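Engineer: Have a look at this one.
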Amino acid sequence: MDRYKYKAFNKTGRPVRGVISAANETDLYNQLQSANLELVSCAMIKKSKYSINIRRKVKIRDLIQLFIALEQMHAAGVPMLEALGDIR
């Protein structure tokens, strides 16, 4: 299966971006429809023959900023999944 990056809208009209594996664009469309997302655009991610997997540590400062932002959004009543999507 190929990997596709996509842009879609959810039921409330918020944009959603992501990467998903699908056999073709029709399969991608069907997967997003079953997740209640409306596909806007997609592009196949090309496979590189030089795949490098580099692991990097997450800095403590970045973790602190993440949790502060999550706490502020939670206090404002934003659902957790939407808060994570906004922070991304």
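The values are calculated or read from the model by the stated rules, or taken from the named source; none is laboratory data. Quick caveat: nothing in here was measured; it's all calculated off a predicted structure. As a convention, Cβ positions derive from the backbone with ideal geometry for all residues, glycine included, and neighbour counts pool all protein chains shown.
Engineer: Can you give me the ranges of the helices (runs of 4 or more DSSP H) entirely in the chain with at least 2 residues that are more than 15 Å from the chain's Cα centre (by Cα)?
Structural biologist: Working: elements: 25-34, 60-75, 80-87.
Correct list: 25-34, 60-75.
Engineer: Within the range 10-17, can one find any residue that is surrounded by 13 or more Cβ atoms within 10 Å (Cβ to Cβ), outside the structural domain of residue 88 (by TED's automatic domain parsing) and among the polar types (S, T, N, Q)? Don't jump to the end; show me each part of the working.
Structural biologist: Taking the range 10-17 first, the residues surrounded by 13 or more Cβ atoms within 10 Å (Cβ to Cβ) are 10, 16.
With the extra rule that they be outside the structural domain of residue 88 (by TED's automatic domain parsing), the set shrinks to 10, 16.
In the following step, the residues that additionally are among the polar types (S, T, N, Q) were identified as 10.
Yes, the range 10-17 contains at least one residue that is surrounded by 13 or more Cβ atoms within 10 Å (Cβ to Cβ), outside the structural domain of residue 88 (by TED's automatic domain parsing) and among the polar types (S, T, N, Q).
Engineer: Follow-up. On the given criteria, is residue 64 of a type in the set (Val, Ile, Thr) and loosely packed, with under 13 Cβ neighbours inside 10 Å?
Structural biologist: Working: of a type in the set (Val, Ile, Thr): yes; loosely packed, with under 13 Cβ neighbours inside 10 Å: yes.
When the stated conditions are applied, residue 64 passes them.
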